[in-house]
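Everything below concerns the one structure shown next.
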């Protein structure tokens, strides 16, 4: 009896040592990611929150000023609210259009046709083109005199549009540009479509459902988790638009009447042009809270429209 208990104790000790060794190996393998998370994400977030309560110009040490940066942001400086409006306008236009077009392309690319891999590559390649190359291409496409888009409009009798020099058209121009990079979203939708069980379509056909009936009653519910993921990522990405505006507008400027002064572009102005790092940090904290609130709202609403098969 005693020998059996001793053997069991040794076995338990061996399992504990093995578990500790596996845990140590797990931490070791995840250490590069943990270091990246701490150094490039957690620390900058905490530092920005601290500097948002200071006057910090890089050349001199930060000086504590309390809520003065936030008071200036909400009550004395008119540009942050305009920049937030510009970013919201862009997000409201770019996210739904991007989701709809990406889903449409994904449905087409999910068909059993010849050369499907080629077509998938064609629609995905634009999303991996370098930002500078894409910006140069769109500068030509949107050129008011020799641009391809205005030329196509003229063929059907429509007037040429001053896309990048008009306060009315510059935000729609950036929304149009955003559709260039929907390859990632399309690929995710294709993966979601391929995960829809075939027997659900067969059951729908037995019930007399047509193409639209199967799409609306089978595809959309089963694809709702994928739509949810792409929606959240789209909101986060669109509210942080910076690269295309910075490149196309040739620096930290806001376009005609600041109509393309997006929020992160304005944050860049105050931080890296005016060297008001404390104020720029306050701007960063505000946009972080805005994105967090919108993301939480989407998560809260997900119980009403996101369907998970495992919960049936």
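The values are calculated or read from the model by the stated rules, or taken from the named source; none is laboratory data. Computed from a predicted structure; not experimentally measured. Here the Cβ is made from the backbone with ideal geometry for all residues, glycine too, and neighbour counts use every protein chain on show.
Of note:
- Just one of (1) assigned by TED's automatic domain parsing to the domain that holds residue 244; (2) surrounded by fewer than 17 Cβ atoms within 10 Å (Cβ to Cβ); (3) at pLDDT 90 or above fails for residue 46. It is (1).
- The test for being touching a residue at least 60 places away in the same chain (Cβ under 8 Å), in the same structural domain as residue 198 (by TED's automatic domain parsing) and in contact with a helix residue (DSSP H, G or I) (Cβ under 6 Å, 6 or more places away or on another chain) does not hold for residue 73.
- Subset tally (residues that are under 24 Å from residue 239 (Cα atoms) and surrounded by 12 or more Cβ atoms within 10 Å (Cβ to Cβ)) for the stretch 58-80: 9
- Restricting the stretch 220-248 to residues that are touching a residue at least 40 places away in the same chain (Cβ under 8 Å) and more than 21 Å from the chain's Cα centre (by Cα), the residue that is surrounded by the fewest Cβ atoms within 10 Å (Cβ to Cβ) is 221.
- All positions within the stretch 36-88 that are part of a loop (DSSP other than H, G, I, E, B) and touching a strand residue (DSSP E or B) at 6+ places or on another chain (Cβ under 8 Å): 53, 56, 62, 65
Residue-wise test of (1) under 22 Å from residue 267 (Cα atoms); (2) at pLDDT below 90; (3) out of contact with any helix residue (DSSP H, G or I) (no Cβ under 6 Å at 6 or more places or on another chain); (4) not assigned by TED's automatic domain parsing to the domain that holds residue 288.
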residue	(1), (2), (3), (4)
91	yes, no, no, no
94	yes, no, no, no
100	no, no, yes, no
117	no, yes, yes, no
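- Evaluating residue 251 against the criteria (1) modelled with pLDDT under 90; (2) surrounded by fewer than 15 Cβ atoms within 10 Å (Cβ to Cβ); (3) under 25 Å from residue 189 (Cα atoms) leaves one unmet condition, (3).
- Verdict on residue 55 being exposed (fewer than 11 other Cβ atoms within 10 Å of the Cβ) and either modelled with pLDDT of 80 or more or not assigned by TED's automatic domain parsing to the domain that holds residue 272 (or both): no
- Checking residue 207 against (1) out of contact with any helix residue (DSSP H, G or I) (no Cβ under 6 Å at 6 or more places or on another chain); (2) at pLDDT 90 or above; (3) farther than 23 Å from residue 79 by Cβ, the condition it does not meet: (2)
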